[in-house]
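One structure is given below, encoded as structure tokens.
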Amino acid sequence: MLPWWGWLLFWVVLVGGSALWLGLLVRDVWRRAGALGTEVSRVSEMVAALEARADELREVDLGPVAATQPPHGIREEYRAQRARQRAERRSRRAERLPPWARVD
């Protein structure tokens with residue numbers, strides 16, 4: 001058995017070690033909370049910038065909706081767009097062909 005001062009020393013070391021361990025945990029949590037606050041402020045600034053950009057895009061007039069237009073007009077517009085894309089693709093491909101394969 002330990003004498004009375006041995007038990008007292010044992011409990012003081014036990015409580016002091018626990019307090020030290022809890023202090024280290026609290027310090028770690030405090031540092032992480034600071035880092036989290038910094039990250040949250042950075043993200044809130046980014047969200048504010050994105051919302052401002054979204055507000056700008058909402059103000060852009062997109063023109064008439066296809067559902068309210070006559071079908072033959074939309075079909076012609078689609079066909080003209082497809083023909084324009086085909087012509088652009090053909091011209092890009094022609095630039096990459098070797099000279100002997102080009103049709104002029």
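Readers should treat all values here as calculations from the given coordinates under stated rules, not as data from a laboratory. As the structure is a prediction and not an experimental result, all values here were calculated from the model.
Can you compute 3J(HN,Hα) from phi for each residue in segment 20-25, using the Karplus curve 6.51 cos²θ - 1.76 cosθ + 1.60 with θ = phi - 60°, rounded to whole Hz and x for Gly and Pro?
5, 4, 5, x, 5, 5
To the nearest 10 degrees, how steeply does helix 71-96 sit against the main Cα axis of the chain, on a 0 to 90 scale?
Result, in degrees: 80.
If you work out percent of Cα pairs over 18 Å apart from the coordinates, which of (i) 57; (ii) 47; (iii) 80 do you get?
(iii)
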